[in-house]
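A.B. asks: So that we are looking at the same thing, I have put the structure below in structure tokens.
The values are calculated or read from the model by the stated rules, or taken from the named source; none is laboratory data. Quick caveat, the model's predicted, so the values are computed rather than measured. Ideal geometry is used to build each Cβ from the backbone, glycine not excepted, and the neighbour counts take in all protein chains shown.
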There are 2 protein chains.
Amino acid sequence: MTIYQVAAHAGVSITTVSRVMRESGPVAGETRDRVLEAIDTLRFVPSRLGRGLAERRHAANGIVFPDLSGPYYAEVVVGYEEVAAELGRSVLILSTHGREAVRSRVLDLASRVDGLVIFGRTVRDDVVDEVVAMGVPVVLLARTAVAGVDTISTENLASARQLAAHLLDHGHRRLAFLGDPESSSDTAARWAGLSGVLTERGIRPRQPVRCGFSEASGRTVARRLLSAARGRPQALVCADDEIALGALLAAEELSLSVPGDVAITGWDDIMAARYARPGLTTVRQPMRELGGRAARALDERIAGERVAARHDVLHTEVVIRSSCGEHD
Amino acid sequence: MTIYQVAAHAGVSITTVSRVMRESGPVAGETRDRVLEAIDTLRFVPSRLGRGLAERRHAANGIVFPDLSGPYYAEVVVGYEEVAAELGRSVLILSTHGREAVRSRVLDLASRVDGLVIFGRTVRDDVVDEVVAMGVPVVLLARTAVAGVDTISTENLASARQLAAHLLDHGHRRLAFLGDPESSSDTAARWAGLSGVLTERGIRPRQPVRCGFSEASGRTVARRLLSAARGRPQALVCADDEIALGALLAAEELSLSVPGDVAITGWDDIMAARYARPGLTTVRQPMRELGGRAARALDERIAGERVAARHDVLHTEVVIRSSCGEHD
DNA sequence: TCGGCGCGTGAAAGCGCTTGCACCCCGCGA
DNA sequence: TCGCGGGGTGCAAGCGCTTTCACGCGCCGA
């Protein structure tokens, strides 16, 4: 089913059909009716490829993220899709997961869209540059900045400081950070906030304990830390909620009470954080808004409305529950 | 950057450039090297639109789902993307959320892909027919079947029966089902399994209690049921985990013990189900595999390898935790 | 010596759409 | 009566690729 068949059916040229569909240019009422009827009868849906080629645009955006399991990325993606759809753009997704060949997948994606959001540490800087060099607008999400490229991220440092201060006020002194500051700029900032406060209060921060972003990883690492003969940490500050939930399990297995024997905090405020017992103290991020912002920033760039790079930082909120100490 | 510029740079025709890129047809070693060098120097990435138009394929698939919040859909989508990428296809997503204009969005999506997965009760049957009539292969996921269209779903009836039997064996008699059997074929089957077992055992099943698929909704409905002066249900069988978690909250608010005063079960085995206290008895579905299967079924259809409609049903597993009664 | 066969290459015809430009025709004012 | 303007329409030139066919050229066997 092509525009030619519609034109033939309606007895007009394809130009006229195009004009009717796009409401560009004048068409006589009667002609329009004939065309519309033909479109309807033949159930004509124009080919996006033909249209895209002629218009030189895809009317689609892409987003690259590490994974969708865990509520964090999913929420951001859904926020992104919501706004993108509103702006008349389809959304292509690419999960890098731990795949090889990320570069070629990203470049392929870039050739299918008008703009690309790159989320977290999924793509190397030089590949980002390559995409930018292709002339594809890029917005970075929760990722270290690259010169001249828009960035949207959430506040980390201040919240981490606030969390650290809260723990210290509870009397905890031996704090351990579970997560790899080199794995993402977010994690790095969280660690910086924590270690900064400790140093200011005259406590020498313990080296961060490398830990993958998963419950299994958190559990293993926490078990090791908590079963230490001496110098057992009084509080585990985890880089995200999944690690913290794993740590909670580890404590339970070792018959340690939380927060009595050890305090535990997470980051993200995922659903399970609220249902865990004790409830997990954590930091809430506006995940949907993060995605929505990215979609809008990208749209501005695609429309060419803005040239200067933009760097938004969204506000976060410490959520105190009982895993970090008893409260009234 | 187009194939023409690459051809000019290498001093060959675009035909040769195309052949080098696709490794179709013979090219002399030296010529190939010149072309590859030109591609590299000019950082040429072929236009998907041009290629797609010529090949008459998109090398992309779509998926339509209600929402991505909650782990269920996200997991399925990620399983889908994983397999689709492996098969060399990009993935376009469309969340219907509670949007108007679903039909036109779906038709637009259909015009951008080689095949489409429609997930849950997002799209009306007549629109599905319309997509099929466009010649776009469709696979339905966890959705009522449509004639001639592939369907992938998970087992519901047997697991629901098993769950019901388990509750009855615990001595519970007054069971209430929270969820709307008319909202999806999955829910309908779960209700059918429950009510079937009750009837067989001579217990007259109570009408299902309509309830949205959310924690808030579950909480409200459960609070109403549990605060009834008399005839309070002894067990709440919830259509999914989020409803069940809401019910758990309601019980807590009313100072009822779970499972002592009331048993509660969910469905899906989301992460929070495991962390809730008491742990939530539920039914686990192979969510990633659900998505993966859909991707493969779609691929077969696109490749034209199969004509007959296929109806896969994936196995599910009842997960007994403590919310349904004390166990050893 | 000559016909034929492959290999290497390019011209050109699409693929399905948008859009600049030209054309026709009618109504109006001069 | 003629000229002009504008509404209505279509022609045709792209957009960036793939692929069919045709062509030229060495090399082989007869």
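A.B. asks: Taking the residues in region A:32-45 that are hydrophobic (A, V, I, L, M, F, W, C) and under 40 Å from the mean Cα position of the chain (by Cα) as candidates, determine which candidate is farthest from the other protein chains (Cβ to nearest Cβ).
C.D. replies: Step one: filter region A:32-45 for residues hydrophobic (A, V, I, L, M, F, W, C), giving A:35-36, A:38-39, A:42, A:44-45.
Imposing the further condition that a residue be under 40 Å from the mean Cα position of the chain (by Cα) reduces the set to A:44-45.
On the way: A:F44: 9, A:V45: 5 Å.
Here the answer is A:F44.
Residue-by-condition table, conditions (1) in a loop (DSSP other than H, G, I, E, B); (2) within 14 Å of chain A (Cβ to nearest Cβ); (3) not charged (D, E, K, R):
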residue	(1), (2), (3)
B:L225	no, no, yes
B:A228	yes, no, yes
B:G231	yes, no, yes
B:I243	no, yes, yes
B:P259	yes, no, yes
B:A295	no, yes, yes
B:E300	no, no, no
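A.B. asks: Just the residues that are over 9 Å from B:A176 (Cβ atoms) and buried (at least 17 other Cβ atoms within 10 Å of the Cβ), please, taken from region B:223-233.
C.D. replies: Across region B:223-233, the qualifying residue is only B:L226.
A.B. asks: Take region A:144-164 and flag every residue that is touching a helix residue (DSSP H, G or I) at 6+ places or on another chain (Cβ under 6 Å) and either small (G, A, S) or at pLDDT below 95 (or both).
C.D. replies: Matches in region A:144-164: A:T144, A:V146, A:A160, A:A164.
A.B. asks: Now for a different question. Just to be sure before I move on: is B:R161 more than 15 Å from B:S185 (Cβ to Cβ) and more than 12 Å from every other protein chain (Cβ to nearest Cβ) in the structure I sent?
C.D. replies: It is true that B:R161 is more than 15 Å from B:S185 (Cβ to Cβ) and more than 12 Å from every other protein chain (Cβ to nearest Cβ).
A.B. asks: For region B:97-108, indicate whether the set of residues that are within 16 Å of DNA strand D (Cβ to nearest atom), within 10 Å of chain A (Cβ to nearest Cβ) and at pLDDT 95 or above is non-empty.
C.D. replies: Among the residues of region B:97-108, not one is within 16 Å of DNA strand D (Cβ to nearest atom), within 10 Å of chain A (Cβ to nearest Cβ) and at pLDDT 95 or above, which makes the answer no.
A.B. asks: Just need a number here: residues in region B:75-90 that are part of a helix (DSSP H, G or I) and either at the interface with another protein chain (Cβ under 9 Å from one of its Cβ atoms) or not β-branched (V, I, T) (or both).
C.D. replies: Step one: list which residues in region B:75-90 are part of a helix (DSSP H, G or I), which gives B:75-86.
Filter once more, so that each one left must be either at the interface with another protein chain (Cβ under 9 Å from one of its Cβ atoms) or not β-branched (V, I, T) (or both): B:75, B:77-82, B:84-86.
Selection size over region B:75-90: 10.
A.B. asks: Same structure, new question: Could you please let me know if B:S214 is out of contact with any strand residue (DSSP E or B) (no Cβ under 6 Å at 6 or more places or on another chain), surrounded by fewer than 18 Cβ atoms within 10 Å (Cβ to Cβ) and within 12 Å of chain A (Cβ to nearest Cβ)?
C.D. replies: Taking the combined requirement at face value, the residue satisfies it.
A.B. asks: Turning to a different aspect of this structure: Report, by residue number, each residue of region B:8-31 that is more than 23 Å from B:A84 (Cβ to Cβ), part of a helix (DSSP H, G or I) and within 45 Å of the chain's Cα centre (by Cα).
C.D. replies: B:I14, B:T15, B:T16, B:V17, B:S18, B:R19, B:V20
A.B. asks: Do we find that B:T41 is part of a helix (DSSP H, G or I) and within 10 Å of DNA strand D (Cβ to nearest atom) in this structure?
C.D. replies: Here the answer is no, as B:T41 does not meet what is asked.
A.B. asks: Would you check which residues across region A:56-79 are small (G, A, S) and away from DNA strand D (no atom under 15 Å from the Cβ) and list them? Spell out the reasoning first.
C.D. replies: Taking region A:56-79 first, the residues small (G, A, S) are A:59-60, A:62, A:69-70, A:74, A:79.
A:A60, A:G62, A:S69, A:G70, A:A74, A:G79 - these are the residues of region A:56-79 that are small (G, A, S) and away from DNA strand D (no atom under 15 Å from the Cβ).
A.B. asks: Still on this structure, I have one more. Would you point out the residue of region A:1-15, among those that are away from DNA strand D (no atom under 12 Å from the Cβ) and of a type outside the set (S, T, N, Q), that is nearest to B:L107 (Cα to Cα)?
C.D. replies: Looking at the filtered set, the residue picked out is A:M1.
A.B. asks: Then there is this: If you go through region B:45-54 one residue at a time, do you hit one that is in contact with a strand residue (DSSP E or B) (Cβ under 9 Å, 6 or more places away or on another chain), more than 11 Å from DNA strand C (Cβ to nearest atom) and within 30 Å of A:A84 (Cβ to Cβ)?
C.D. replies: Going through region B:45-54, the residues in contact with a strand residue (DSSP E or B) (Cβ under 9 Å, 6 or more places away or on another chain) turn out to be B:48, B:52.
This time we only want the ones that are more than 11 Å from DNA strand C (Cβ to nearest atom), so: B:48.
Subsequent filtering for residues that are within 30 Å of A:A84 (Cβ to Cβ) retains B:48.
There is at least one residue in region B:45-54 that is in contact with a strand residue (DSSP E or B) (Cβ under 9 Å, 6 or more places away or on another chain), more than 11 Å from DNA strand C (Cβ to nearest atom) and within 30 Å of A:A84 (Cβ to Cβ).
A.B. asks: Can I ask one more? Out of (1) closer than 22 Å to A:R51 by Cβ; (2) more than 9 Å from every other protein chain (Cβ to nearest Cβ), what's the single condition that is false for B:V138?
C.D. replies: So the condition that B:V138 fails would be (1).
A.B. asks: Hey, B:T220 hits all of (1) within 13 Å of chain A (Cβ to nearest Cβ); (2) not in a loop (DSSP other than H, G, I, E, B) but one; which does it fall short on?
C.D. replies: All conditions are met except number (1).
A.B. asks: In the list B:R57, B:R48, which residue meets the criterion of being within 38 Å of the chain's Cα centre (by Cα) and surrounded by fewer than 17 Cβ atoms within 10 Å (Cβ to Cβ)?
C.D. replies: Answer to the selection: B:R57.
A.B. asks: May I pose another question? Specify the residue that is nearest to B:T96 (Cα to Cα); the eligible residues are those in region A:61-74 that are within 7 Å of chain B (Cβ to nearest Cβ) and surrounded by 24 or more Cβ atoms within 10 Å (Cβ to Cβ).
C.D. replies: Selected residue: A:A74.
A.B. asks: Since A:N61 meets every condition but one in (1) more than 25 Å from B:R48 (Cα to Cα); (2) among the polar types (S, T, N, Q); (3) away from DNA strand C (no atom under 16 Å from the Cβ); (4) outside any loop (DSSP other than H, G, I, E, B), which condition does it not meet?
C.D. replies: In the conditions (1) more than 25 Å from B:R48 (Cα to Cα); (2) among the polar types (S, T, N, Q); (3) away from DNA strand C (no atom under 16 Å from the Cβ); (4) outside any loop (DSSP other than H, G, I, E, B), A:N61 misses (1) alone.
A.B. asks: Mind checking which pairs have a first residue in region A:43-55 that is under 18 Å from B:S47 (Cβ atoms) and a second that is near DNA strand D (Cβ under 9 Å from one of its atoms) and of a type in the set (S, T, N, Q), Cβ under 8 Å, 6 or more apart or different chains?
C.D. replies: A:L53/B:S47
A.B. asks: Here is a further query. Only residues that are small (G, A, S) and more than 7 Å from DNA strand C (Cβ to nearest atom): list them for region B:12-33, please.
C.D. replies: Across region B:12-33, the qualifying residues are B:S18, B:S24, B:G29.
A.B. asks: Further, regarding this structure: Please list, ordered by first then second residue, the pairs with beta carbon atoms under 9 Å, 6 or more apart or interchain, first in region B:185-203 and under 17 Å from B:A145 (Cα atoms), second of a type in the set (S, T, N, Q) and in a helix (DSSP H, G or I).
C.D. replies: Hits for this filter: B:R190/B:S159.
A.B. asks: Here's another thing I want to ask about it. What number goes with the only condition from (1) more than 16 Å from DNA strand D (Cβ to nearest atom); (2) farther than 30 Å from B:D241 by Cα; (3) aliphatic (A, V, I, L, M); (4) within 12 Å of chain A (Cβ to nearest Cβ) that B:L53 does not pass?
C.D. replies: (1)
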